[in-house]
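Student: The structure follows.
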Amino acid sequence: MYRSERIWLIAGIITLIVFLGILGVAAVHDDIVPPSHLKTIDPAKIAQTPPFDNPGLRRLDAHTYEAYIVARIFSFNPSTMTVPVGSTVHFYATSPDVVHGFFITNTAINMMVVPGWVSEDSHTFETPGTYLLLCNEYCGSGHHFMYGEVVVK
Ligand code: CUA
């Protein structure tokens with residue numbers, strides 16, 4: 001084995017040990033774990049499980065809303081939500097059938113909606129306009145018809 005090969009091999013092994021060590025320290029000492037969904041739901045019983053038994057937008061105060069949305073082939077329920085400018089909307093979405101996407105244009109909201117789980121994310125809508133809500137996970141023959149909108153005015 002060439003000397004340069006041995007140096008690269010040793011450097012690679014040391015790097016691996018250092019990286020695994022960092023992961024180990026972060027996981028055990030700093031308690032850093034991969035993000036995980038904490039909320040589960042029985043996908044067969046969404047229609048009977050509050051708050052998804054009554055999907056829609058709820059007003060918490062003048063500028064805070066919660067939106068409970070059921071994504072199913074091939075629609076979002078509700079498909080249109082209207083909020084005043086400056087509103088923070090906490091989105092909660094789940095699916096009774098297959099994996100869907102939940103992407104709102106011109107925001108950082110881009111979630112997977114997986115049966116059995118409740119996906120959540122929030123956004124403050126500072127600019128008036130119509131924001132498209134799109135399914136960006138291929139979910140079947142009607143995937144390209146699956147969209148909604150958030151109207152901010
Ligand atoms: Cu739902 Cu694509």
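Student: Say we look at segment 137-153 and pick out the residues that are buried (at least 17 other Cβ atoms within 10 Å of the Cβ), assigned to a strand (DSSP E or B) and among the hydrophobic types (A, V, I, L, M, F, W, C); which of these is nearest to the ligand (Cβ to nearest atom)?
Tutor: Here the answer is Val150.
Student: If a residue has to be assigned to a loop (DSSP other than H, G, I, E, B) and within 16 Å of the ligand (Cβ to nearest atom) to count, how many in segment 120-136 make the cut?
Tutor: Keep residues of segment 120-136 that are assigned to a loop (DSSP other than H, G, I, E, B), which gives 126-128, 135-136.
Retained after the next criterion (residues that are within 16 Å of the ligand (Cβ to nearest atom)): 135-136.
Final tally of qualifying residues: 2.
Student: In segment 122-136, what residues are open to solvent by less than 60 Å² (accessible area, probe 1.4 Å) and under 13 Å from the mean Cα position of the chain (by Cα)?
Tutor: Of all residues in segment 122-136, those open to solvent by less than 60 Å² (accessible area, probe 1.4 Å) come to 122-125, 129, 131, 133-135.
Within segment 122-136, Ser122, His123, Leu133, Leu134, Cys135 qualify.
Student: Where residues in segment 77-104 are open to solvent by 10 Å² or more (accessible area, probe 1.4 Å) and within 13 Å of the ligand (Cβ to nearest atom), which of them is nearest to the chain's Cα centre (by Cα)?
Tutor: The qualifying residue nearest to the chain's Cα centre (by Cα) is Phe103.
Student: Specify the residue that is surrounded by the fewest Cβ atoms within 10 Å (Cβ to Cβ); the eligible residues are those in segment 37-74 that are of a type outside the set (A, V, I, L, M) and farther than 20 Å from Asp97 by Cα.
Tutor: Here is the first cut: in segment 37-74, the residues of a type outside the set (A, V, I, L, M) are 37, 39-40, 42-43, 45, 48-56, 58-59, 61, 63-66, 68, 72, 74.
So of that shortlist, the ones also farther than 20 Å from Asp97 by Cα come out as 58-59, 61, 63-66.
On the way: Arg58: 12, Arg59: 12, Asp61: 8, His63: 15, Thr64: 15, Tyr65: 21, Glu66: 17.
Among residues in segment 37-74 that are of a type outside the set (A, V, I, L, M) and farther than 20 Å from Asp97 by Cα, the one surrounded by the fewest Cβ atoms within 10 Å (Cβ to Cβ) is Asp61.
The values are calculated or read from the model by the stated rules, or taken from the named source; none is laboratory data. Note that this is a predicted model, so its numbers are computed, not measured. Every residue, glycine as well, gets a Cβ built from its backbone with ideal geometry; the counts of neighbours run over all protein chains shown. The accessibility values were calculated without ligands, DNA or RNA, using every heavy atom of the protein model including side chains. Shrake-Rupley method; radii C 1.70, N 1.55, O 1.52, S 1.80 Å.
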